[in-house]
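Please treat every number below as a calculation from the coordinates, not as lab data. Predicted model, so just to flag it, every value in this text is computed and none were measured. No Cβ is skipped: glycine too gets one built from the backbone with ideal geometry, and neighbour counts run over all protein chains shown.
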Amino acid sequence: MDNDSSIATIAAILREEAGQLRPGDRLTPSREIVRRHGVSPVTVSRALGQLAAEGTVVTRPGSGAFVADRREWAPDAADLSWQTVALGDRVVADEPVAALLGTAPEGVVPLTGGYLHPRIRPDRQLAAAAARAARRPDAWAMPPLSGLGELRGWFAQQAGGDVTAADALIVSGGQAALTHAFRALAAPGTPVLVETPTYPGALAAAKAAGLRATGVPIDRDGVRPDLLAEAFAVSGARVFLCQPTLHNPTGATLPEERRRQVLEVARAAGAFVIEDDYAHYLSEAAPASLLSMDAHGTVVHIHSLTKILSPSMRVAAVVARGPAAHRLRAGQLVESFFVARPLQETALEFVGSPAWRRHLGAVHAELGARRDALTAALAARMPDAPPYLVPAGGMHLWLRLPPETDEHALVEAAKRNGVLVSAGRMYYPAEPPGPRLRVTHMAPANLPELAEGVSRLAKALAGTLG
């Protein structure tokens, strides 16, 4: 055998021998290895050097080779501390998003999450749409960079007003849309206004883009235009993110007059409004979008299919006009090129089929039944933690806890009791006004499990307060 293979063979033999001995024991002498295996002394020396380098043996000139302490066998762990200096102090805070996307362990009732329960998803119909999409001509070819024309046209129609397909850009879901919008509209280090409370994923995306999120208070009709105007003046921000329909987490919906006021305030400040219309299909009668009321390019509109269909239907549109639209398209092109064509084709097939309308009807009926069941269970079992309001759709209720509640302790106690809830603290860009919880009625499998989840939460609350 050649020299390299001889060294490897002898090293393997000695490694096996060392594994059968105790630390400090001497290995077979080199002369005996040469005689037994018919190799040269140089081959043995190099094999022992290899084992010494990996920490298996310790060689002592004139005495031989000895088994090293087994704790030293593994190579030293890599020292990655240098990266702390190289990366700087910018932090991507993924904990809130990871918490919302986590799955409940067996036997635990989830009262958190943001997607349809698997029993309500149209998985079979989506599979059929995907099969039809795969048979389309050029289904696996590169799509137009801004998205399929027909799909962009469909999103434009949903947005309303005088929006056209040319104004829409197809992106990979609502979260990606938020990230694109923040990066396109605001420079790192500048402030961005958000409702307070607001969606934690938006706060994380803003922070990752290097932006400073500043909260604007809301009431039961959504963001307050007077405080929005004040926040623009004080902060110098030129971007405001809002969820005007079924705001997450409170469920508030801006009435038409207030929508017009928000647009007037933003236009007077020379600022953009990012309209996250995530809940458009989670209500039987969603109000007209801010975009449909905008004639001056103030609104950058986000419209996603993920919430109403499936977590894996990562298809959304960002609608914008003017230089902002160009920057959004350029950002998408540089960061990710385009959304996979088969997924776009599947979305187009599904929303153009009779299954789409049937699915919307089924979801709306289920949302109403679950919301009412959750509201009744909370009133019966947790009267001291009333909902902020009962929304006309959506998946969540926002609970105001007794002022003396330790929110963190309650969330942990609930987990021990077998129910998951979302702590209110993570929905605020700054200090919260008091303890809150977001509870979700769409995550449990059925109404009995929903009721059981509230029962477990009530026990946890009583134990925390007691």
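Of (1) more than 30 Å from residue 450 (Cα to Cα); (2) part of a helix (DSSP H, G or I); (3) not acidic (Asp, Glu), residue 91 satisfies all except one. Which?
Unmet condition: (2).
State the number of residues belonging to region 93-121 that are buried (at least 18 other Cβ atoms within 10 Å of the Cβ) and charged (D, E, K, R).
The qualifying residues number 1.
Taking residue 325, is it of a type in the set (Gly, Ala, Ser), in contact with an Asp or Glu (Cβ under 7 Å, 6 or more places away or on another chain) and surrounded by fewer than 22 Cβ atoms within 10 Å (Cβ to Cβ)?
Values: of a type in the set (Gly, Ala, Ser): yes; in contact with an Asp or Glu (Cβ under 7 Å, 6 or more places away or on another chain): yes; surrounded by fewer than 22 Cβ atoms within 10 Å (Cβ to Cβ): yes.
Yes; evaluated as a whole, the condition is true for this residue.
Please list, ordered by residue number, the helices (runs of 4 or more DSSP H) wholly in region 101-213 having 3 or more residues that are touching a residue at least 40 places away in the same chain (Cβ under 8 Å) and more than 15 Å from the chain's Cα centre (by Cα). So that I can check it myself, show each step before the final result.
On the way: elements: 123-134, 149-159, 173-185, 200-208.
Of the helices (runs of 4 or more DSSP H) lying wholly inside region 101-213, those with at least 3 residues that are touching a residue at least 40 places away in the same chain (Cβ under 8 Å) and more than 15 Å from the chain's Cα centre (by Cα) span 123-134, 149-159, 173-185.
Please tell me if residue 377 is closer than 30 Å to residue 284 by Cβ and in contact with a strand residue (DSSP E or B) (Cβ under 9 Å, 6 or more places away or on another chain). Walk me through how you get there before you give the answer.
Values: closer than 30 Å to residue 284 by Cβ: yes; in contact with a strand residue (DSSP E or B) (Cβ under 9 Å, 6 or more places away or on another chain): no.
In short, no.
Applying the selection to region 423-466, what residues are assigned to a helix (DSSP H, G or I) and among the polar types (S, T, N, Q)?
Initial filter on region 423-466 (assigned to a helix (DSSP H, G or I)): 424-427, 447-465.
Of everything in region 423-466, those that are assigned to a helix (DSSP H, G or I) and among the polar types (S, T, N, Q) turn out to be 455, 464.
Answer yes if at least one residue in region 252-260 is part of a loop (DSSP other than H, G, I, E, B), more than 19 Å from residue 318 (Cα to Cα) and in contact (Cβ under 8 Å) with a residue 40 or more places away in the chain, and no otherwise.
Step one: list which residues in region 252-260 are part of a loop (DSSP other than H, G, I, E, B), which gives 252-255.
The next check asks that each one be more than 19 Å from residue 318 (Cα to Cα); those that pass are 252-255.
Now narrow it down to the ones that are in contact (Cβ under 8 Å) with a residue 40 or more places away in the chain: 252-253.
Checking region 252-260: at least one residue is part of a loop (DSSP other than H, G, I, E, B), more than 19 Å from residue 318 (Cα to Cα) and in contact (Cβ under 8 Å) with a residue 40 or more places away in the chain.
Might you let me know whether region 324-338 holds any residue that is assigned to a loop (DSSP other than H, G, I, E, B) and touching a residue at least 60 places away in the same chain (Cβ under 8 Å)? Outline the logic, then answer.
Start the filter on region 324-338 by keeping residues that are assigned to a loop (DSSP other than H, G, I, E, B), which leaves 337-338.
Pick out the ones that are also touching a residue at least 60 places away in the same chain (Cβ under 8 Å) and you get 337-338.
Checked against the condition, which is being assigned to a loop (DSSP other than H, G, I, E, B) and touching a residue at least 60 places away in the same chain (Cβ under 8 Å), region 324-338 yields at least one hit.
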